[in-house]
Structure formats: C-alpha cells, structure tokens
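> My structure is below; once you've seen it, I'll send some questions.
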Amino acid sequence: MHKAIAPDRVAVITGGASGIGLAVAQKLSARGMRLCIADRSQDAIDDALATLEGEAFGQVTDVANLEEVQTLKAAVLERYGEVAFLMNNAGVGGGGGTFKRYEGWQKVLGVNLWGVINGLQTFVEDMISQNTPCAIVNTGSKQGITNPPGDAAYNVSKAGIRSVTESLAHELRNTEGCQVSAHLLVPGFTYTGLIKAHIPEKPPAAWTSERVADELLARIAEGDFYVICPDNDVTAAMDNARMQWNLDDIVLNRPALSRWHADHAEAFERYMQEHAG
C-alpha cells in the first residue's frame, strides 16, 4: 500500500456514497483507516456508512460550493485531526454541446472541475504541513483525454481535472520536504450506480467499481501518477493507441477529432490494427 494508507489514518472521499468512491472507501476502511464520506444525499451517506467496517462519518457537501468544502475540512479536522488520503471523486454528467444547455455546463463544471479545485484549495496546504505521507487522487476520465463527441461540457471538465492534477503533481514534487503525492485516476467502462439506473445488469465489457478500486490502490502503491484503467473490452494497448492518435491530430495538423471524421475513418482503423491488434 501507499504509505498514506495505514491503520488509524484518515481518508476523505467526495462522491463517496456510491460507485468507485464507495468501493475505495470500503477497501480503505478494511485496512483500518478512518473515513469521512462526502456526498449530496444524507440517505445515500447513511447507506454507505453501513457498509464500512471501521470508524467513519458522513458530511453532506456540495463540492461546487467552496464554503461547504471548507466546512467539510473543518469537520474532519475537528473529529480526526488530519487527512492522509483525499479523493476528489464527485462527478456528474449530462452537460451539453458547445453552444447548447448553458445550465448543464454550469452544473457539470461546478461539480466536476470546481469540485476538484475547491478540494485542492481547501485541503492541500494542511496536508503538506502535516509532514506525513499523504496521497491525493482526482478522478478524471478518458473523455478528458480523447475528447469524443457528444458531451463537450463533461469532456472539458475532465480535461481540466487532468491539467490541474498534472500541475499539482509538479508543484508537490518541487515543494521542499513535501510528503504528499498526487494521482490521476482514469477509469475505463465501469458499472456504477449511474449506469445501473439505465442498465439493470452489468454489461460484460464493464469493470466493477471494486476492481477499479483495487487497480487504483495497487498502482499508487507503485508510485504511478496516471492510473488509466482498461476494461473487459478495451485493452491498455487500445487506450494508448487512441490517446496517441488524438495527440497526433495536433502534431500532424489533421482535422479536430479526426478519429470521428469520415475522411480519416479508414486510416484510423488501419492505425488501430497496427498498434493495438
């Protein structure tokens, strides 16, 4: 395990009442950590707390609201006195296209991107000053890397998370004496409660939230910054090839999002066969 993960140390997980956040909470609780679950619903928090093995409490929090995130920190420090593991995981979808659904943009950017920024602005300096091993995990998305058409607001929010987390890692490693590490979790297709609401049974292609949590904890123990998860249909080689193609749109001056451009469809298929089997 990462050195921050140890009995009696403290973890804070936003969006922790379901899905990947809850799966990580359960695994940390089983390792003796004390937990704070932050989510929007008290009922969901209560249900989540009932599944944890050790000491834990919940805090209703809108991560898009800086004052509520600051209240969350105050509650954790008052109760436990430290934070060893911070997971900025709360997220929503359904934003909108580039020139539609302004309210959707506000909601998605508020929760997904500003939720992470508010978490970092609120917790990081205190975690550094503890002078103890700590870890910060921000939950991104492959959509923030490959930028597929469909939900531009969501893509922008997750691209922003990637950028701010990369900057965080750089700042932490250049802070003298800092024992805090940063990590970007990028799940593959995962069967969470959001998907379960539309698909009653787990699709064969999807990983469970528990498997993603296992991958995260194993990879941060190895010191990985990028924790890009495959799934049962998409291999790591396929992920790497898709990301490289996306970056090469810039390098080769192709049309934006050429992976989905009719004139480049055959070239993309050949490329994937050559690079990902």
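All of the numbers you see were taken from the coordinates with simple rules; none came from a lab. All values derive from a computational prediction rather than experimental measurement. Methodologically, a virtual Cβ is constructed for each residue, glycine included, from the backbone with ideal geometry; neighbour enumeration extends over all protein chains shown.
> Run lengths n ≥ 4 of DSSP H only: what is the helix-derived mean residue ellipticity at 222 nm for the chain, with -39500 (n - 2.57) per run over all residues, to the nearest 500?
About -14500 deg cm²/dmol.
> Calculate, in nm to one decimal, what Asn65 and Asp46 gain on full extension: separation in residues at 0.36 nm each, minus their alpha carbon distance.
Full-extension gain reported as 4.7 nm.
> Taking 7 Å along the Cα-to-C-beta vector as the label spot, tell me the Lys196-Glu166 distance in nanometres, rounded to one decimal.
Computed distance between label sites Lys196 and Glu166 equals 3.5 nm.
> Once both labels are modelled 7 Å past Cα along the beta-carbon direction, what's the Asn253-Arg31 spacing in nm?
4.9 nm
> When a/c is below 1.5 the answer is rounded, else prolate if a/b is larger than b/c, else oblate, so apply that to the chain with a ≥ b ≥ c taken from the square roots of the Cα gyration tensor eigenvalues.
Prolate, because a/c is 1.5 or more and a/b exceeds b/c.
> What FRET efficiency, computed as 1/(1 + (r/R0)^6) with R0 = 30 Å and r the Cβ-Cβ distance, is obtained for His275 and Glu53, rounded to the nearest 0.05?
So, using R0 = 30 Å, E works out to roughly 0.10.
> Further question on the same structure: With labels modelled as points extended 7 Å from the Cα through the Cβ direction, what inter-label distance (nm, one decimal) is found for Tyr102 paired with Glu176?
It works out to 4.9 nm between the two label points.
> If a paramagnetic tag sat 7 Å from the Cα of Ala221 along the Cα-Cβ line, which residues of region 1-20 would have the backbone N under 14 Å from that point?
Inside the label zone: 1-7.
> Per q in 0.20, 0.30 Å⁻¹, report the Debye log10 I(q)/I(0) for region 61-123, using one uniform scatterer on each alpha carbon and no solvent.
Rounded to two decimals, the profile gives -0.74, -1.23.
> Among the listed pairs Lys100/Lys202; Lys3/Lys202; Lys107/Lys142; Lys27/Lys73; Lys3/Lys158; Lys27/Lys107, which are separated by more than 24 Å between their Cα atoms?
Lys100/Lys202; Lys3/Lys202; Lys3/Lys158; Lys27/Lys107
> With a Förster radius of 45 Å, plug the Cβ-Cβ distance of Ala205 and Glu78 into 1/(1 + (r/R0)^6) and report the FRET value to the nearest 0.05.
0.55
> Can I ask one more? Quick one: angle between helix 152-173 and the longest Cα principal axis of the chain, in degrees between 0 and 90, rounded to 10, please.
For 152-173 against the chain, the angle is about 60 degrees.
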